[in-house]
Amino acid sequence: MKLPPDLGVVQMGFETGAVRPQLPPMHRRLPSALMFTVLFAALAWGFSPTSQAAETSSTSTNHYRTGTATRDGIGKFYFGREIAKFMTYHGAPWLERTERQEEERSDLLMKALKFQPGEAVADIGAGSGYYSRLIARAVGTNGVVYGTDIQQEMLDILTNKAAQAGIHNIRPVLGTESDPKLAANSVDTILIVDVYHEMEFPFEMMAGLAASLKPGGRLVLVEYRGEDRAVPIKELHKMTEEQMKKELAPHPLKFDETLRMLPWQHVMIFRKNGQTK
Ligand SMILES: C[S@@+](CC[C@H](N)C(=O)[O-])C[C@H]1O[C@@H](n2cnc3c(N)ncnc32)[C@H](O)[C@@H]1O
């Protein structure tokens, strides 16, 4: 896979085979020996990772704090977590890699979520549309998938790939960093795969998404497991269940359950207050 130029530097040091070569450059974790060397050097210079990433001041909204950005983050903190840099459209080939089904077991995810024919589903941060296409087939021609993203380039890729696959029930939606641009009470299910940790305005996004759900609708968050050191993904690109619950607590969403059948990710399901659909 040709690597995006802005991520190429991050790729250095990953060719040792210590982590699986299929991993995206921005998500890969440093091999432990290299990490130790970097940490040792940092300490020798009188720095610690904690002080580098320290939160220093709050922003005007009060939801966020700002501080020095670490390599993979944007220097903005929410509930003590540094928000990660988002994946640019140059990473689209990685989202479509052939090994993805085996690595993520998207078949198991689709089976567990039991999408019904006729459902209205929003795939938030849809990227190239890998999951949008799977959902589109599951909900059938009477159903609809809103594939949203903040990059028009991603939506162009999504549209082309859907057309090539003969799928016509995906509607691309260009959102902003703080607004999903979905109508109120319009969707049955929201799926967010590997996106939440890189939302620049998680509070505003979750507020908008909760509003777009029908009463009783479900919000499904799929993230790499932050609790699991064995998952070979950089820390800022993972989330723990505890952190997710903290961050969703301000919203009218009730935690329902966590599914743990995927190799590297957990699947957290929340429901909008109100009558079950
Ligand atoms: C790592 S990719 C995941 C793509 C897709 N969910 C998948 O699993 O194939 C993250 C995507 O989220 C998008 N994104 C980041 N912040 C977003 C936001 N606030 N609203 C919608 N999309 C966002 C990025 O533009 C990028 O396309």
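Bear in mind these aren't lab numbers, they're just calculated from the coordinates by the rules spelled out. Just so it is clear, the structure is predicted and the values come from calculations on it, not from any experiment. No Cβ is skipped: glycine too gets one built from the backbone with ideal geometry, and neighbour counts run over all protein chains shown.
Per-residue packing, averaged as other Cβ atoms within 10 Å, sorts the ranges 90-97, 266-273, 123-130 into the order 123-130, 266-273, 90-97, beginning with the highest. Taking amide H atoms as placed 1.01 Å from N in the peptide plane, the amide H of TYR64 lies under 5 Å from those of THR59, each 5 or more residues away in sequence or on another chain. The GluC sites (Glu not before Pro) of segment 168-269 that meet both conditions, a loop assignment by DSSP and at most 15 other Cβ atoms within 10 Å of the site Cβ, are GLU177, GLU227. Restricting the trypsin sites (Lys or Arg not before Pro) of segment 158-218 to loop positions (DSSP other than H, G, I, E, B) with no more than 16 neighbouring Cβ atoms within 10 Å leaves LYS181. For segment 85-128, the gyration tensor built on C-alpha atoms gives an oblate shape. Its axis ratio a/c (a ≥ b ≥ c) is at least 1.5, and a/b is not larger than b/c. Here the Karplus curve 6.51 cos²θ - 1.76 cosθ + 1.60, taken at θ = phi - 60°, turns the phi angles of segment 132-145 into couplings of 4, 5, 5, 5, 4, 5, 5, 8, x, 5, 7, x, 9, 10 Hz, with x standing for Gly and Pro. Considering only Cα-Cα distances, which of the following residue pairs are longer than 22 Å: LYS85/LYS161; LYS246/LYS272; LYS238/LYS272; LYS85/LYS238? As for pairs spanning more than 22 Å Cα to Cα, those are LYS85/LYS161; LYS238/LYS272. For segment 187-258, chymotrypsin sites (Phe, Trp or Tyr not before Pro) meeting the loop criterion (DSSP other than H, G, I, E, B) and having at most 13 other Cβ atoms within 10 Å: none. Normalised by residue count, segment 147-214 yields a Cα convex hull volume of 86 Å³ per residue. As a proxy for reagent exposure, HIS168, HIS63, HIS197 were ordered by neighbouring Cβ count within 10 angstrom, fewest first; the result is HIS168, HIS63, HIS197. Distances between placed amide hydrogens fall under 5 Å for LYS85 paired with GLY73, ILE74, all partners being 5 or more residues away or on another chain. Dipole magnitude for segment 90-272: about 620 debye, using +1 per Lys or Arg Cβ and -1 per Asp or Glu Cβ, origin at the Cα centre. The value of relative contact order for segment 90-272, using C-alpha pairs under 8 Å at least six residues apart, is 18 percent.
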